[in-house]
1. Quick one: what pairs do we get from the stretch 62-83, first residue in contact (Cβ under 8 Å) with a residue 60 or more places away in the chain, second buried (at least 20 other Cβ atoms within 10 Å of the Cβ) and β-branched (Val, Ile, Thr), C-beta under 6 Å, 6+ apart or different chains?
2. Which of the residues that make up the stretch 130-160 are over 13 Å from Glu62 (Cβ atoms) and not charged (D, E, K, R)?
3. Before we move on, is Thr101 under 24 Å from Ile166 (Cβ atoms) and either of a type in the set (Val, Ile, Thr) or touching a Leu at 6+ places or on another chain (Cβ under 7 Å) (or both)?
4. Residues that are farther than 15 Å from Trp67 by Cα, more than 15 Å from the chain's Cα centre (by Cα) and of a type outside the set (D, E, K, R): which helices (runs of 4 or more DSSP H) entirely in the stretch 95-171 hold 2 or more of them?
5. Quick one: which residue in Trp110, Trp118 is buried (at least 17 other Cβ atoms within 10 Å of the Cβ), in contact with a helix residue (DSSP H, G or I) (Cβ under 6 Å, 6 or more places away or on another chain) and of a type in the set (A, V, I, L, M, F, W, C)?
6. Taking the stretch 93-105, which residues are farther than 13 Å from Leu61 by Cβ and in contact with a strand residue (DSSP E or B) (Cβ under 9 Å, 6 or more places away or on another chain)?
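The values are calculated or read from the model by the stated rules, or taken from the named source; none is laboratory data. Keep in mind it's a predicted model, so treat the numbers as computed, not measured. Note that we place each Cβ from the backbone using ideal geometry, even for glycine, and neighbour counts take in every protein chain shown.
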Amino acid sequence: MNRRDVLAGLGSVGVLGTSAVVYSRFQADGDVDPVTVETLEAPGSEAGETTVPEAGRVTFLEVFATWCSTCRGMMSTLQEVHERTDDVHFLSVSNEPLGATVDRTDVVEWWRAHDGSWTVGVDADLVLTSELDVRAVPATFVFDEQNRIVNADTGTKSADTLLEWIESARV
C-alpha cells in the first residue's frame, strides 16, 4: 500500500466519521434548542429572522457555503424538494463568517445565481452551527414538530432521499 492509498483511506474514514458524529450526537441528545437566524431579502426569502427548528412544524435545513461546489450542485435537488413540500419550514443557511471575504450581498448574489427560491439566512455568529455541531457543508437536517432531529448528514443527497427524510419526520 502506498502513501496515497493510506491518505485516501483516512480521508474516507473522516468523511464517514463526520456523518456518523452528526447523526449519532443528535439521536442521543433528543431535542435541539431553537436558534434565531437572520434571513435575507432574496428570491423566495424576506429580510428578518426565523427560528430553527420551528416548533410545531417539520423543519428542513441545509447549511451551506458559497465557496462549496457540492452545495452549488445540490441547489437543483433542493429546488425539487422545496416544490414538493408545501407544509415544511424549508430553509438554507450560510455559516460563512461575514465580513472577511463574504458579506450578505455575496450570499444573496450566490442565491440568485443558483436559483434559490425559499428562505435563505446567515449564521453570522455561528450559534446555529455550534448548536448543530456542523463540521462540513453541505449539512442537511430534518427536524420533527418537537424539534428533534430525525435525519442529518453531510454531502450530496437525492431528492427522493430528502423527501423520505421529511416524510419520516411527519410520523
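1. Matching pairs, first to second residue: Glu62/Thr140; Val63/Val93; Val63/Val134; Val63/Val137; Phe64/Val137; Ala65/Val137; Cys68/Val137; Cys71/Val137.
2. As a first pass, look at the stretch 130-160 and keep what is over 13 Å from Glu62 (Cβ atoms): 130-131, 133, 135, 144-150, 158, 160.
Across the stretch 130-160, the qualifying residues are Ser130, Gln146, Asn147, Ile149, Val150, Ser158.
3. Details: under 24 Å from Ile166 (Cβ atoms): no; either of a type in the set (Val, Ile, Thr) or touching a Leu at 6+ places or on another chain (Cβ under 7 Å) (or both): yes.
No; evaluated as a whole, the condition is false for this residue.
4. Numbers: elements: 104-113, 127-132, 159-170.
Fully inside the stretch 95-171 and qualifying: 159-170.
5. Numbers: Trp110 fails: in contact with a helix residue (DSSP H, G or I) (Cβ under 6 Å, 6 or more places away or on another chain).
Exactly one of Trp110, Trp118 is buried (at least 17 other Cβ atoms within 10 Å of the Cβ), in contact with a helix residue (DSSP H, G or I) (Cβ under 6 Å, 6 or more places away or on another chain) and of a type in the set (A, V, I, L, M, F, W, C), namely Trp118.
6. Residues of the stretch 93-105 that are farther than 13 Å from Leu61 by Cβ, as a first pass: 96-105.
Result: Glu96, Leu98, Val102, Arg104.
Residues are listed down the side, and each one gets a yes or a no for (1) surrounded by 15 or more Cβ atoms within 10 Å (Cβ to Cβ); (2) of a type outside the set (A, V, I, L, M, F, W, C); (3) modelled with pLDDT under 95; (4) on the phi > 0 side of the Ramachandran plot:
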{"position": "Thr70", "(1), (2), (3), (4)": "no, yes, no, no"}
{"position": "Leu91", "(1), (2), (3), (4)": "yes, no, no, no"}
{"position": "Leu98", "(1), (2), (3), (4)": "yes, no, yes, no"}
{"position": "Ala152", "(1), (2), (3), (4)": "yes, no, no, no"}
